[in-house]
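The structure under discussion appears below in the form of structure tokens.
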Amino acid sequence: ATPDIRCLHEICSLLRPFEVLTKELSTDKTVMSSKVIPLILGTRNELEKKIPNVIRLKLKLIEELDYRFGAYEQTSLLPICIMLDPRFKDIHFKNSLANSKTQESIVQMMNNDNDIVENETLSTAEPDGSNTDKHCDLWGHHKSLEKKQNDRACNNTPRGELNSYLHYKILKLDLDPLIEWENTKTIFPKLYKLAMKYLVVPGTSVPSLPF
């Protein structure tokens, strides 16, 4: 009957975003974790735009998406992966508090790495001046303060680097974020190290099988 056919067409229309989502997640051998949530949000947005007669199915599909992925901003890993992907950064964050917490987590990791590098630099630096010898650098504390002051003046602090990165242009979707990081690692050296760690986290537990 015609009403039944119309109903089937509407059901197919509602399920279409999930078909596209499945194919999108199957195009690469390994799907980055940073790509999953923006795709889920895009799927939800496509469902929201539809006005079918089978409204209960639409609401149920949205409910299931929210149930499975609605709390992604509260996890510790995915928000960092997303923010370090130059295709997405923080544009998909709906919760400003979660956005701030993710930024703070990244800055803290950059600070920790900075402290390690600074300690290694100070321990291997050649002593100079009459008040230093091989085991005692009286200017070590001054050098540490000098470096911090110069970093602040040049906007080279972790917070400054992250802010500059977030205001830098968004990378187009069809470009490789890893290649982009290789091209910008001299601009954002501390973030580059983190990006190389987090962007390789797979978004699925098994390799994708192309359609």
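Based on the Cβ-Cβ distance from Val201 to Ser144, what FRET efficiency comes out when R0 is 35 Å, to the nearest 0.05?
Numbers: r = 34 Å, r/R0 = 0.96.
Efficiency, rounded to the nearest 0.05: 0.55.
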So which of Lys148/Lys185; Lys147/Lys172; Lys60/Lys89; Lys35/Lys60; Lys169/Lys197; Lys23/Lys58 end up more than 26 Å apart, counting from Cα to Cα?
Lys147/Lys172; Lys60/Lys89
Given a Förster radius of 25 Å and the C-beta distance between Glu182 and Arg44 as r, what FRET efficiency does 1/(1 + (r/R0)^6) yield to the nearest 0.05?
0.15
Note on the stretch 1-62: contact order normalised by length, alpha-carbon pairs under 8 Å, 6 or more apart, percent, works out to 46 percent
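A short reminder: the numbers here are calculations on the coordinates, not readings from a lab. Since this is a predicted model, take the numbers as computed values, not measurements. We place every Cβ from the backbone using ideal geometry, glycine too, and count neighbours over all the protein chains shown.
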